[in-house]
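Take a look at the structure below.
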Amino acid sequence: MGAPSTSSISPASKQQQGVAVIDDRRSPHSFFVYLMTTATKNPRVLPGFGPTLGFTLLYLCLIVLIPLAAIFLKASVLTWDQFWKVITDPRVIASYKLTFGAALIG
């Protein structure tokens, strides 16, 4: 005869076998409430990821992006001659040598 069809097995016996049973008599709202409550009970893989990402982006903006934007804004108001004088100043060239030399060694 074979195995009985799944439609002839009662919901109680399906639950005993470990098969998920959705009660059709319930409203769709209760099913979504069930999904939301089971989703919040499971711990996250990376707890605290949201606040950590927020602090990281905040400090990235404060320490890196805002000063970098200020440099470009300041350079944008200079004429080409003024800009060339600034980047070819002996002190600036010494800082280039120091920076690139340290980067090549390290």
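Taken together, the values in this text are just the output of simple stated rules run on the coordinates, not laboratory data. None of these values were measured; they are calculated from a predicted model.
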(request) Mind running the shape call on region 64-106? Use the C-alpha gyration tensor, a ≥ b ≥ c as the square roots of the eigenvalues: rounded below 1.5 for a/c, prolate if a/b tops b/c, oblate otherwise. (result) oblate
(request) Work out, step by step, the length gained on full extension between V33 and T56: first 0.36 nm times the residue separation, then minus their alpha carbon distance; give nm to one decimal. (result) 4.9 nm
